[in-house]
1. When you go through Ala567, Ala525 one by one, which is the residue that is among the aliphatic types (A, V, I, L, M) and more than 29 Å from the chain's Cα centre (by Cα)?
2. Output the residue which, of all residues in segment 664-686 that are outside any loop (DSSP other than H, G, I, E, B) and surrounded by 15 or more Cβ atoms within 10 Å (Cβ to Cβ), is modelled with the lowest pLDDT.
3. Is there any pair with a first residue in segment 506-532 that is in contact (Cβ under 8 Å) with a residue 60 or more places away in the chain and in a loop (DSSP other than H, G, I, E, B) and a second that is of a type in the set (S, T, N, Q) and buried (at least 24 other Cβ atoms within 10 Å of the Cβ) whose Cβ atoms are under 8 Å apart and which are 6 or more apart or on different chains, and what are they?
4. Go through segment 118-150 residue by residue and tally those that are on the phi < 0 side of the Ramachandran plot, more than 46 Å from the chain's Cα centre (by Cα) and of a type outside the set (Phe, Trp, Tyr).
5. Condition test on Pro206, is it under 30 Å from Gly245 (Cα atoms), in contact with a Pro (Cβ under 9 Å, 6 or more places away or on another chain) and open to solvent by 30 Å² or more (accessible area, probe 1.4 Å)?
6. Out of (1) assigned to a helix (DSSP H, G or I); (2) touching a strand residue (DSSP E or B) at 6+ places or on another chain (Cβ under 9 Å); (3) free of Cβ contacts under 8 Å to residues at least 12 places away in the same chain, what's the single condition that is false for Leu116?
7. Would segment 90-106 turn up any residue that is more than 20 Å from the chain's Cα centre (by Cα) and under 23 Å from Thr143 (Cα atoms)?
8. From the list Asp92, Asp114, Asp80, Asp51, exactly one residue is at pLDDT 90 or above and open to solvent by less than 20 Å² (accessible area, probe 1.4 Å). Which is it?
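The values are calculated or read from the model by the stated rules, or taken from the named source; none is laboratory data. All of these numbers come straight from a predicted model, not from anything done at the bench. Reconstructed Cβ throughout: ideal geometry from the backbone, glycine too, with neighbour counts over all protein chains shown. SASA here: full protein model, heavy atoms, side chains in, ligands and nucleic acids out. Shrake-Rupley method; radii C 1.70, N 1.55, O 1.52, S 1.80 Å.
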Amino acid sequence: MADGTELSRRQFVQVSTAAGGLVLSFAVAGKVQADGAAPGVINAYVTIAPDNVVTIVAKNPEIGQGIKTSLPMIIAEELDVDWSQVRTHQADNNPTVYGRQFAGGSMATPLHWDQLRKVGATARAMLVSAAAANWKVPAAECTTASGVVHHKATKRSATYGALAVQAAAQAQPDPKSIVLKDPKAYKIIGKSKPQVDTAAIVRGKPLFGIDVVVPGMLYATFEKAPVFGASVAGADLDAARAVKGVRKAFVVEGGQDLSGLMPGVAVIADSWWQARQGRNKLNIKWQDHPTAQQSTAGFNAQADALAKGAPLRTERNEGDVAAGLAGAASTVEAAYAYPFIAHVPLEPQNCTAQFKDGKMEIWAPTQNPESGRQLVAKTLGLKPDDITIHMTRCGGGFGRRLANDYMVEAAWIAREAGAPVKLLWTREDDLRHDFYRPAGWHYLKGGVDKSGKIVAWHDHFVTLGAAGKPGSSAGMAATEFPARFVPNFRYDLSVIDSGIPTGPLRAPGSNALAFVVQSFIDELAHSAGVDPVTFRLNLLGDQGLVGSAGRDGYDPGRMKGVVALVAAKSGWGKTKLGPRQGMGVAFHFSHLGYFAEVVQARVSEDGEVTVEKVWVAGDVGRQIINPTGAVNQVQGSVIDGLSAALGQKITIEGGAAVEKNFNAYPLLRMKSAPAVEVHWNITDNPPTGLGEPALPPVLPALCNAIFAATGKRLRSLPITKDALKV
């Protein structure tokens, strides 16, 4: 265990007895570095009641990814209890006790796998020690099973519940003495478990932020300018106040930080409907704002103009691209583009807040509670320690709830109201004030030699941002595939200034880049007359790990493994297909996961696309913690990707979003959802996360399938019927 996550004596910070049971509290220092964030501390709590019921705290936000189930499973396994004994409890935000609590980046499994195993094993060791002391036998002679300690020679046994209080008084074990289970002995990890909240969700029990009710609570709505960043010039507050049930209506000055408290008008009432009626009377006038000059059409024109000139800068330049293209047996030149898209979690943004006696209490469906606490503290001039955040289950996140704009709005409005307030956004609010997946443009040139290998690749990437820097989630790493796999490679970058807020959306960056890269690779494969699967395997080559271990490291062998697996499972090259029916393949590495996918699709003569089936092969290391949850994550990723490909875009006109609801921004309907067949390639690598890496390949695999079916290459999203009509 030489990975920096060892539990030392000093790191064991608390053992205390709780009424009616035992609380074992641990702090485990470890490598909790995430995307440049400061190292953190992970804590886990185990409570054992006299009746042998074990309560395990789920420390991270649950956004539907199943983390409230899978992380406690790790502790329970090493604690050696039956899953039927376990109850889970959602933690509040408390970085002092739990370390960093967030949901994002498919980080939960890689960050917590080793730490939580040790927490469970340490608790088990203490319980064994307590039993051994009672029986005056060596601890090494004791065994455990199903929450019971046994001593075979004396035929004695005791439940954890009976030993818990005494165990708390045991000297903390030497970390070097902690023995983790052989995975072959796992009884919980690797076995499918239903999500712990499923029954409550089915029964409609309150779990989500939108369900929160606080005594004396009022309801609020908040209107912001359609043009991002515009301030309030005037509003008919009296008209809003005249609506029955409306308690207050006031202007919030806000600021110009798009991630903070924005200008707007708040209406507070006895019911949300009354607040909404008051909002309808406001007749708000907005100040002029420079972003009003921006539009999707304008961005498209700027991108085309930039592509014709010298780039802002070159991010990577290897070999001689010009010479490579000149000497290629065939070349392809193409322009790809993708639009802004929104997150649209089914639970719109909401937050409940109460300000009393200088203290702020918040109930929030957030992916990043500590960031929200700091934002509220800074904006309202409070001390962070005076802010309590209760984490509710999120009705979807997908990256949207990493931003906490709705939290700071609720906090500000609650302080002004002098009463607890639930702020609830409309669906229209949510679509018009998202932090969108940024649009982007790629101008590509590629060349293939006579043997069918890519010898040159040039990408002039035009993206959105400010002052020459890409905006949030609008950049592309210089190591992005196929960098390091093509001898003559150049990546140029230009940036368009934009006032449109952007941010991470499920598989940030990759959800768009995979479409571009894997579609263009498909074009090169066809130009070379090589089967697309074979072409990709040849491109990956026979080299070992490329780059250093970590998020920029790339193991071609693992990728070839999933490409070969998905080809075999899908019957690639062997399936007889009908007219206007095709199969497409793509792969992508992101968030430490290797995924390859095949889509089978049919295109009608009027351009209607039917996705008939999707095969997925994934490599996320040596251990799948909860197989049911893992498959659910993959299937959800595929559906998300298909939704984006088949109809989603946010259009900007006059500095504002045009699409306002699901009639203009469709989600994939159940009748259109294909069968998704998931296969795992288990490799001897550390377990990694599954929230994101299965999404990116499905978009290019679908577009490549459409090309196979129709001969029409799709170079921009979303897919439209008009582009595919006969």
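1. That would be Ala525, the only listed residue that is among the aliphatic types (A, V, I, L, M) and more than 29 Å from the chain's Cα centre (by Cα).
2. Ser672
3. Arg506/Ser637; Ala507/Ser590; Ala507/Ser637; Gly509/Ser590
4. Qualifying residue count for the region: 4.
5. no
6. Of (1) assigned to a helix (DSSP H, G or I); (2) touching a strand residue (DSSP E or B) at 6+ places or on another chain (Cβ under 9 Å); (3) free of Cβ contacts under 8 Å to residues at least 12 places away in the same chain, only one is false for Leu116: (3).
7. No.
8. Asp80
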